[in-house]
Each structure stands twice: as structure tokens, then as C-alpha cells.
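Chemist: Pasting a structure below so you can have a look.
The values are calculated or read from the model by the stated rules, or taken from the named source; none is laboratory data. Please read these numbers as outputs of a predicted model, since none were measured by experiment. We place every Cβ from the backbone using ideal geometry, glycine too, and count neighbours over all the protein chains shown.
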Amino acid sequence: MSNSSVCPWWAGPALNWSLRKLWHNPETMLSPYLKPGMTVMDVGCGMGYYTVPMAKLTGSAGQVVAVDLQPQMLSGMLNRARKAGVDQIIKTCNCSTNSLKIDTWKEQVDFVLISMMLHEVPDKTHLIQEVQEVLAPGGHLLFIEPIFHVNKANFNESIRLMNAHGLVVTEKPAITMCRSAVLVKRR
């Protein structure tokens with residue numbers, strides 16, 4: 001990712017605006033897919049709007065891998081996680097513009113969230129391939145893009161790339177002002 005196309009770190013706190021829950025309630029959106037003890041990943045975690053609730057949903061027996069390009073976003077997310085008492089459940093990964101840098105991650109994950117950030121990635125194919133490699137067979141991916149940044153054709157192109165990497169759409173949940181899909185990795 002080039003830094004010019006990425007949401008700036010100083011805008012991160014605005015993404016955690018409390019009224020956002022009226023449209024995008026993390027617990028409601030994620031609870032159908034997350035269970036205690038799961039290992040999950042938040043790609044482009046920002047300051048943890050979804051990461052902290054993911055940690056609460058997976059519980060102390062679970063683990064959350066929080067991936068972001070900007071160290072300031074990871075730092076802000078960890079501050080929120082400490083305040084919520086879930087920082088011990090979260091592992092951070094400061095990715096690069098060309099890689100998620102999860103190649104040293106030995107475990108496969110049960111669930112991946114890619115929310116409102118794939119449109120910022122210049123090499124979507126590479127990112128999707130990395131996610132597919134770390135996602136366990138039968139694991140789920142929740143993919144969300146904002147309608148004001150991503151038109152239907154571009155969203156469908158991302159879905160096509162995911163299909164080409166063995167990820168199949170199982171549902172298209174209704175998320176306010178977003179295009180979304182849940183995909184499962186073929187066994």
C-alpha cells in the first residue's frame with residue numbers, strides 16, 4: 001500500500017466514534033462467526049474498532065492477530081485493548097506495503113475480517129493469497145467495503161479474485177452503507 005491511499009493514522013480515533021455502533025455494531029456483526037477459543041485475524045485493524053470486540057468474543061482462550069501498516073494505528077488499538085482488559089489476547093503485526101508479514105505465523109486462523117480497506121491495496125491478488133494461506137480450511141472471511149469508495153463492479157472483481165483463491169461466498173449480510181460478503185475457504 002502506498003501511504004497516500006491509506007486512511008491516515010491521525011484519523012483513526014474518528015473511526016472509533018461511539019455513534020458508529022448505530023450502523024456497524026461489531027458484536028452484532030461478528031458474533032455469528034466468532035466463538036470462544038477461536039484464532040482470528042483483523043486485517044487493516046486501524047485503532048481496533050473491530051479488534052477489541054473480536055478479542056472479547058473469542059475470550060481468554062482465543063487469540064486475535066491485528067494487522068496494520070501504520071504503527072500508530074497498532075499503538076492506538078493496543079491502548080484501547082488495555083483499557084478493555086483484552087490486550088493479552090491480541091498479537092500485533094506491522095505489515096508492509098507489499099506483505100502482511102504473517103509468513104512467520106505458524107497457526108492457521110478460523111476467521112479473517114477485511115473491513116473497509118481492500119480498496120486501499122494496490123496488489124489485491126497478493127493480499128488475498130496471503131489471507132487464503134493463513135485461513136484454515138472451512139474458515140470464514142468477512143469482507144466489507146464502503147459503498148461510497150467501492151462501486152459494485154470493483155467489489156465483484158474482489159470477490160472474483162477471492163473465488164480464484166478457493167474462497168466461496170456463502171452469504172451477503174446487509175451492512176449499512178456497505179457491500180459485504182462472507183466467504184468460506186474450501187476444505
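Chemist: Name the residue that is nearest to P26 (Cα to Cα), counting only residues in region 91-115 that are at pLDDT 90 or above and among the hydrophobic types (A, V, I, L, M, F, W, C). Give the steps one after another, and end with the answer.
Modeler: As a first pass, look at region 91-115 and keep what is at pLDDT 90 or above: 91-94, 108-115.
Those still in the list that are among the hydrophobic types (A, V, I, L, M, F, W, C) too: 93, 109, 111-114.
Details: C93: 21, V109: 19, F111: 14, V112: 14, L113: 11, I114: 13 Å.
Going through the qualifying residues, I end up with L113.
Chemist: Further question on the same structure: Looking only at region 22-52, filter to residues that are out of contact with any Lys or Arg (no Cβ under 9 Å at 6 or more places or on another chain), within 16 Å of A174 (Cβ to Cβ) and surrounded by fewer than 17 Cβ atoms within 10 Å (Cβ to Cβ); which one of those is modelled with the lowest pLDDT?
Modeler: So, considering only residues that are out of contact with any Lys or Arg (no Cβ under 9 Å at 6 or more places or on another chain), within 16 Å of A174 (Cβ to Cβ) and surrounded by fewer than 17 Cβ atoms within 10 Å (Cβ to Cβ), the one modelled with the lowest pLDDT is L22.
Chemist: Also, quick follow-up: Conditions first: (1) surrounded by 14 or more Cβ atoms within 10 Å (Cβ to Cβ); (2) within 22 Å of M47 (Cα to Cα). T97 passes all but one, so which condition is the exception?
Modeler: For T97, the failing item is (1).
Chemist: Please tell me if L127 is in a loop (DSSP other than H, G, I, E, B) and either modelled with pLDDT under 95 or under 14 Å from M41 (Cα atoms) (or both). Before the answer, list the steps.
Modeler: On the way: in a loop (DSSP other than H, G, I, E, B): no; either modelled with pLDDT under 95 or under 14 Å from M41 (Cα atoms) (or both): yes.
So L127 does not fit the description; no.
Chemist: Applying the selection to region 36-71, what residues are under 22 Å from L118 (Cβ atoms) and of a type in the set (G, A, S)?
Modeler: Listed by number, the residues that qualify are G44, G46, G48, A66.
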